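Take a look at the structure below.
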Amino acid sequence: MGLVNRSIPNLYNGVSQQPPSLRLTSQATEQINGLSSVVYGLAKRPPTKHVAKLSTSVLEDSFVHTINRDATEQYKVIITNGGLKVYAVATGLEKTVSFPDGTAYLNAVDPSTSFACVTVADYTFIVNKNVVVASAATLSTGTSKGSKQQFVDLPTSGNTVGDVWEIAGTGTNSFDSYYVKWDGSGTWRETIKPGIKVALDAATMPFRLVNNGDGTFTCSKNVWANRLVGDDTSASFPSFVGHTIGDVYFHRNRLGFIASENVIFSRAGSFFNFFPETVTVVLDTDPVDVAVSHTKVAVLRHALAFNTSLMLFADQAQFQLTAKDILSPKTAVINVTTEFDIEAKCKPTTSGTSIFFGVTKGQHSGIKEYLVQPLTYTNDASDLTAHVPKYIPKNLFKLASSNLDNVVIALSKDERSTLYVYRYYWSSPEEKVQSSWSKFTLDAGAVILDAEFRNTVLDLVVKRSDGTYLESLNLEAINDALDGRILLDQKVSVTGVFDAGTGQTTWTLPYPVDDTFKIVLGESFTSQVATVLSPSAPTAYTLRVPGNFASGAVFIGRPYTFRFTFSPVVFKDEQKVAVVHYKVKLKNFEILFDDTGYFRAEVNPDGRGEYSYVYTGNTLGDTSWKLGDITLGTGKFRFPVMGDSGKSTITLVNDSVLPSVFQAAEWEGVLSTGSKHL
């Protein structure tokens, strides 16, 4: 066929581990620190920004919960073994927390997997999954006088305050026995059987963290309602007594827990009450306590409110609790939806009409998407990692999602400095045009403890060598003014101090630095805007360069590298089917880019060594640049390959502080064949 040209129409579909002949042309062999978008293409990801140093302690085994009350009150709750701290997200400032009941409930060998939280208004309920719930020793009072069949049989005279009678009923009654007590004013009132336990042991029940409204918090026991009517048969203790609580949730104006195979809701609108109001009739507002039913052991691990239902996750099966109109003991129904081996220590996350949850795949993890089809309401769970089965390590511990950016983040304890990123886009309810996996990497010493979205901002809690930090990554900050065009992790804006005696400028940083960090001049430096300085690090927290650069703020941070390795080129016919008998000898590659300051193409043809072709755009420090901005290039970049397509690797690299955005590519090659394709 001779010389042919083929285009790669977009570069936003991430990594595939399928054979090259089965991949989409837009999929890659490797993508690191690249953000895929159907809007602007493939860009070097935005940087992380330093927010604050939260603690000088090493908090590697901590549990992190985000309180997002409103735009002005957002907090990080960090629970360690026997401790709890609260920090403002915007500033990282620690808030005062009082513990009137001590911190024994917070004891845990591995806090990162031992706690669950849910926030309702100013209350955050904290569950220690290792604590067995118990009943308190407090007994009901009253004097038992015996049993009557009907209420009308009760004595009308000679009664004393505290007299209790059992109304046992007759064969024509549909209710269980109930009890009444003489109140001394001529009235019999429904009560509890004398001499039985009435209370939950608050020290073993979930604690509450309360926002006091003045910038302080209180972590203490809850005051749980006592059992006031019935007996151990008609008004038994909730089924979580005698078990550990696995998760906490809020659904349909009820607080709820899961314990073993049971799902337990409080009274409607009464979050601290798990006992019925009366045993003579079942009320719609009564607590709900139901068990899942399955042929396999179905110990529930997670509960997630989703649309109008409650999704329940056991190790080997998933369930859905639904109720028509209102949720009540009479309407609650639990059905099996799917059967997968889930990552038990990783709580699922919701985004729009989807739930994402982790599954076990031997030494690796997968992500499933539980989706309710908008038109058919058919439940399904598709495998989002079918084309990357060995990409995400096992031991997932956190999933986070943003429905504004159509992105899911996965964290694994086997790769503590890496975020596995899934980006997707539905062009219609039936067609997903983007299903992209890639990864963001921080420096090798970073340990990511938590990742959580606030709108389009991803908040990261990161442990480093000298303590624990709060950092943020804004997914929408692509080439957004000068700040968005300087790509440095742990980025801060700092003003230096000039020493006339030594002729040097020194900057003091809020975290340890070394000479790999870069300094980029800011808007105050007129013709030198975006000039990159390579400093020395005279101390652990300072950087220094010769010259006077103290006239304004600079950007300082850690460089990070973007890498995108193209899939091996395979010739495909008009139906996009690989024609394997054709051999492709690549001649040239051409990259279409936009708003780009730097990148290079690293080419290794036929294993003959690496060649590098660099696009530099404008020269840093050029006086023709606009004040306070960076001029970025748009166009095409062509470079030679000259190698067999199956043996050549082509990688786009950006390790500079400047952005790069790629839309498409095109290759040119010579086809040869020794046989005819029928």
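Things to note:
- Near Glu343, the amide H atoms lying under 5 Å from its own belong to Gly358, Val359, Thr360; only residues 5 or more places off or on other chains count, and H is placed 1.01 Å from N.
- Restricting the calculation to alpha carbons of region 1-116 gives Rg and Dmax of 23.1, 82 angstrom.
- Nearest-0.05 FRET efficiency for Val39 and Asp443, computed from C-beta distance (R0 35 Å): 0.75
- Cα-derived Rg over Rh, computed across region 205-353 with Rh taken as Kirkwood radius: 0.98
- Probing with 1.4 Å while keeping every protein chain in the model, the per residue accessible area of region 1-143 equals 42 Å².
- Whole-Hz Karplus values for region 258-272 come out as 10, 8, 6, 9, 10, 10, 10, 10, 6, 4, 5, x, 10, 5, 9 Hz, taken residue by residue from phi with 6.51 cos²θ - 1.76 cosθ + 1.60 and θ = phi - 60°; glycine and proline positions read x.
- Ranking Thr526, Phe564, Pro538 by Cα position along the charge dipole of region 522-589, where only Lys, Arg, Asp and Glu carry charges on their C-beta atoms, puts Phe564 farthest toward the positive end.
- Calculated P(r) of region 482-617 - Cα pairs past 23 Å, %: 52
- Subset of Lys345/Lys394; Lys44/Lys587; Lys413/Lys463; Lys345/Lys432; Lys463/Lys491; Lys296/Lys390 violating a 19 Å alpha-carbon distance limit: Lys44/Lys587; Lys345/Lys432; Lys296/Lys390
- Dipole magnitude (debye, nearest 20) for region 476-597, charges at Cβ of Lys, Arg, Asp, Glu: 580
- Computed over all pairs of different Cα atoms, the Kirkwood value for the hydrodynamic radius of region 286-385 is 14.2 Å.
- Placing unit charges on the Cβ atoms of the charged side chains and taking the dipole of region 401-533 about its Cα centre, the candidate lying farthest along the positive direction among Thr495, Leu482, Gln434 is Gln434.
- Fraction in percent of alpha-carbon pairs per bin - 5 Å, region 465-550: 3, 12, 22, 24, 19, 12, 5, 1, 0
- Simple spin-label estimate for Thr170 and Thr516 gives 8.7 nm between the two label positions (7 Å along the Cα-to-Cβ direction from each Cα).
- Surface exposure of region 495-580, expressed per residue as accessible area with a 1.4 Å probe, stands at 46 Å².
- Neighbourhood charge, 13 Å Cβ-Cβ cut-off, centred on Ala314 and excluding it, Lys, Arg +1 and Asp, Glu -1: -4
- Theoretical FRET efficiency, 1/(1+(r/R0)^6), r = Cβ-Cβ of Asp153 and Val282, R0 35 Å, to 0.05: 0.90
- Residue-span extension gain [Lys432 to Thr187] - 0.36 nm each, minus C-alpha spacing: 81.5 nm
- Each 20 Å bin from 0 upward holds the following percent of the Cα-Cα pairs of the chain: 16, 40, 28, 12, 4, 0.
- Cα radius of gyration and Dmax for region 33-187 (Å): 28.4, 87
- Summing Lys and Arg as +1 and Asp and Glu as -1 over all other residues whose Cβ lies under 15 Å from the Cβ of Tyr75 gives a net charge of -2.
- Accessible-area composition of the chain, carbon plus sulfur, in percent [1.4 Å probe]: 50
- Long-range tail of P(r) for region 254-297 (Cα pairs > 12 Å, %): 60
- Along each principal axis, taking the top coordinate minus the bottom one, the Cα set of region 49-128 gives 31, 30, 23 Å in descending order.
- Region 436-503: Rg to Rh, with Rh as the Kirkwood radius over Cα pairs: 1.08
- Counting heavy atoms of the protein chains alone, Glu343 has an accessible area of about 20 Å² for a 1.4 Å probe.
- Selection from Thr80, Val407, Ile126, by position along the positive dipole direction of the chain (Cβ): Val407
- Residue-by-residue Karplus 3J(HN,Hα) for region 400-411, coefficients 6.51, -1.76, 1.60, Hz, glycine and proline x: 9, 9, 10, 7, 6, 10, 6, 9, 10, 10, 10, 10
- Angstrom value of the Kirkwood radius, inverse mean 1/r, which spans all Cα pairs in region 81-140: 13.9
- A straight Cα-to-Cα reach below 26 Å connects Lys181 with the lysines Lys145, Lys148, Lys193, Lys197, residues fewer than 8 places away in its own chain not being considered.
- Accessible area per residue in Å² at 1.4 Å probe, computed on region 152-217: 47
- Unit charges on C-beta of K, R, D, E only; dipole of the chain, Debye: 1020
- Placing +1 on each Lys and Arg Cβ and -1 on each Asp and Glu Cβ, with no other charges, gives region 549-618 a dipole about its Cα centre of roughly 240 debye.
- Amide H to amide H distances under 5 Å link Asp183 with Arg189, where only residues 5 or more positions off or on other chains count and H is placed in the peptide plane.
- Sequence-distant residues sharing a close amide H with Leu449 (under 5 Å, placed H): Val461, Val462, Lys463
- From the Kirkwood radius over Cα pairs of region 413-571, Stokes-Einstein at 20 °C and 1.002 mPa s returns a whole-number translational diffusion coefficient of 118 µm²/s.
- Projected-area average for region 348-471 over all orientations - Cα convex hull basis, square nanometres: 7.7
The values are calculated or read from the model by the stated rules, or taken from the named source; none is laboratory data. Not measured: the values here are computed from a predicted model. Here Cβ is always computed from backbone atoms with ideal geometry, including for glycine, and neighbour counts include all displayed protein chains. Side chains are part of the model used for accessible areas, which takes the heavy atoms of the whole protein and leaves out ligands, DNA and RNA. Shrake-Rupley method; radii C 1.70, N 1.55, O 1.52, S 1.80 Å.
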